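Let me begin by presenting the structure, written as structure tokens, before commenting on it.
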Amino acid sequence: MTSRGAAIRYARALFDVVTKEGDIQQVGRELSGFTTMVGGHEVLSRALVNPAIPAARKRAVIEQLLAHAGKVSPVLSKLLLLLADRDRLALLPDLAAAYEQRLMDHARIVRAELTTAVPLPADRVAAMQQGLANLTGRQVQLETKVNPGIIGGAVARIGSTVYDGSVTTQLQKVKERLVNAAAE
């Protein structure tokens, strides 16, 4: 199993347990905060993923971090200690990302990226966001980007699905039709 796959399984298990016993949003904030704290200290981060350091020492470090972190839900504390015991703390960033994705799925929110040739006014961005929401049946968190290379139009990406309405793509299609017509 890949580390990403393992992180997704841990995130799913954490989410399922927290759904029954606690506040899924709060645990998400705690997990994100803990991951950010560990990631923000390069030496600590390297030590926690170093296979030469015994798991018992990593557990002791996690226990100390949890003691200083303030109130952390018992379910998350148990998971972090389990990861330390199994020497799987390298999964922490992927686990946090997978848990956040589970939260978004639960709230029926999807992330989308909209690329245009020029910056769009706020009302056009809102209209595109609403159109994507209607298309997906979910609330859309839209990130906008500008790429003059697409000449005009827009390209929307939701996960692995791409809706390409750029002028560049339309011109490429016209070119292919002309080449195919000339070859016949």
What FRET efficiency would be calculated for the residue pair Gln25, Gln139, taking the C-beta separation as r and a Förster radius of 22 Å, to the nearest 0.05?
0.90
Please list, in order along segment 57-74, the HN-Hα scalar couplings obtained from phi with the Karplus expression 6.51 cos²θ - 1.76 cosθ + 1.60 (θ = phi - 60°), rounded to whole Hz, x for Gly and Pro.
5, 5, 4, 4, 5, 4, 4, 5, 4, 5, 5, 8, 6, x, 6, 10, 4, x
Which three lengths, in whole Å and largest first, does segment 3-105 cover when its Cα atoms are put on their principal axes?
37, 29, 22
Thr144's amide H: which non-local residues (gap 5+, or another chain) put their own amide H closer than 5 Å, with H modeled 1.01 Å from N in plane and none for Pro or chain starts?
Leu114
With Kirkwood radius over Cα pairs in Å in mind, check (i) 16.7; (ii) 17.7; (iii) 19.6 and report the label derived from this structure.
(iii)
Residue separation times 0.36 nm, minus the C-alpha to C-alpha distance between Asp85 and Arg12: what's the value?
24.3 nm
Here, Gln170 and Ile151, labelled 7 Å along Cα→Cβ, have an inter-label distance in nm of 0.9
I'd like the Karplus ³J(HN,Hα) series for segment 151-156: coefficients 6.51, -1.76, 1.60, θ = phi - 60°, whole numbers in Hz, and an x wherever there's a Gly or Pro.
6, x, x, 8, 10, 10
Distance in nm between Gln101 and Tyr163 label points, each 7 Å along Cα→Cβ, equals 2.2
Over all distinct alpha-carbon pairs, what is the Kirkwood Rh of segment 109-183 in angstrom?
13.3
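Give me the percent of DSSP beta bridges within the chain that run antiparallel, rounded to the nearest 5.
Working: 8 of 16 bridges.
In the chain, approximately 50 percent of DSSP beta bridges are antiparallel ones.
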Dipole magnitude of segment 1-114, debye to nearest 20 (Cβ charges: Lys/Arg +1, Asp/Glu -1, about Cα centre):
200
Relative to the longest principal Cα axis of the chain, at what angle does helix 3-21 sit, 0 to 90 degrees, rounded to 10?
70
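Read the figures in this text as sums done on the coordinates, not as results from a lab. Since this is a predicted model, take the numbers as computed values, not measurements. Positions of Cβ are generated from backbone atoms using ideal geometry, with glycine treated the same way; all protein chains shown enter the neighbour counts.
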